[in-house]
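The structure appears below as structure tokens.
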Amino acid sequence: MNLFNGRLARQPVNRTLDAYAATAGVYAQRTAGVDMSRERGFFVQRLPNGIAGSTVLDAGCGSARDALEFRRLGLEVVAFDGCKEMAELASATCGQEVLHLRFDEVVWQGAFDGVWASGSLLHLDDSAQVDALQRLARSLRPGGVLCAVMERGEGTSVASDGRFFNYTTTEKFARVVARAGLGQFESFAADSYLAADGTVWLTMCARKPYL
């Protein structure tokens, strides 16, 4: 749900944003009940200083379902989404401002103990993912952890509503996060959250080196 630079590259991502803008409310209702507690726990357990006093970034937060749960746990949360309509809906959901921001606009430096990117990075092509991960890595404090949830597979596709999907494997994503300077890669796989369609989702974490 995020834009990146380049006229040709923007086209599929703009269509993705348009699709989410047209269905923000429906999307939020459809995904509200998805149980992501295992995935969130995998992330939170790896925060360098635990929950107390930690600040996390929800990058491409969608309806802010996860941002709200992180707040309930006691984490300080900053959230953004590239779709204006989704960011507005998310602000109402979690009771705080959700920024309307693209991945290529991320400029934080050493601000977060963790970055959570669930179902957002998969809307970027390979080069844009590298750029986004480098930006997100810079936003982490030393020892901070990045966690991405992405659909397993090969290649790319465009859904009937225009959304662009870039599939990945643990091996591929481990190489990409290594290029961003992150290590200690860990992952697990889970079946689709919404349908028994054979889709497998990967939850993958990597850590920024301590100084």
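The values are calculated or read from the model by the stated rules, or taken from the named source; none is laboratory data. This is a predicted model, so every value here is computed, not measured. Here the Cβ is made from the backbone with ideal geometry for all residues, glycine too, and neighbour counts use every protein chain on show.
Points to keep in mind about this one:
- Taken over region 153-194, the residue count meeting the criterion of being of a type in the set (S, T, N, Q) and either within 18 Å of Trp116 (Cα to Cα) or surrounded by 14 or more Cβ atoms within 10 Å (Cβ to Cβ) (or both) is 6.
- Of all residue pairs spaced 6 or more apart or on separate chains, those with beta-carbon atoms under 6 Å, a first member in region 32-49 that is closer than 18 Å to Cys61 by Cβ and a second member that is surrounded by fewer than 16 Cβ atoms within 10 Å (Cβ to Cβ) and modelled with pLDDT under 95 are Val34/Tyr193.
Matching residues to (1) assigned to a strand (DSSP E or B); (2) at negative phi; (3) at pLDDT below 95:
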site	(1), (2), (3)
Ala174	no, yes, no
Ala178	no, yes, no
Glu186	yes, yes, no
Leu194	no, yes, yes
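- Residue pairs whose Cβ atoms lie under 6 Å apart, sitting 6 or more positions apart in sequence or on different chains, and linking a residue in region 102-127 that is in contact (Cβ under 8 Å) with a residue 60 or more places away in the chain to a partner that is among the β-branched types (Val, Ile, Thr) and assigned to a helix (DSSP H, G or I), are His123/Thr16.
- Residue count for region 140-152, restricted to those that are of a type in the set (Gly, Ala, Ser) and surrounded by fewer than 21 Cβ atoms within 10 Å (Cβ to Cβ): 1
- Qualifying residue in region 82-92 (condition: under 12 Å from the mean Cα position of the chain (by Cα), in contact (Cβ under 8 Å) with a residue 12 or more places away in the chain, crowded, with 22+ Cβ neighbours inside 10 Å and closer than 29 Å to Val13 by Cα): yes
- Residue in region 97-104 that is closer than 17 Å to Arg15 by Cα, among the aromatic types (Phe, Trp, Tyr), crowded, with 19+ Cβ neighbours inside 10 Å and touching a Gly at 6+ places or on another chain (Cβ under 9 Å) present: yes
- Considering residues of region 31-46 that are assigned to a helix (DSSP H, G or I) and touching a Phe, Trp or Tyr at 6+ places or on another chain (Cβ under 9 Å) only, the residue surrounded by the fewest Cβ atoms within 10 Å (Cβ to Cβ): Arg38
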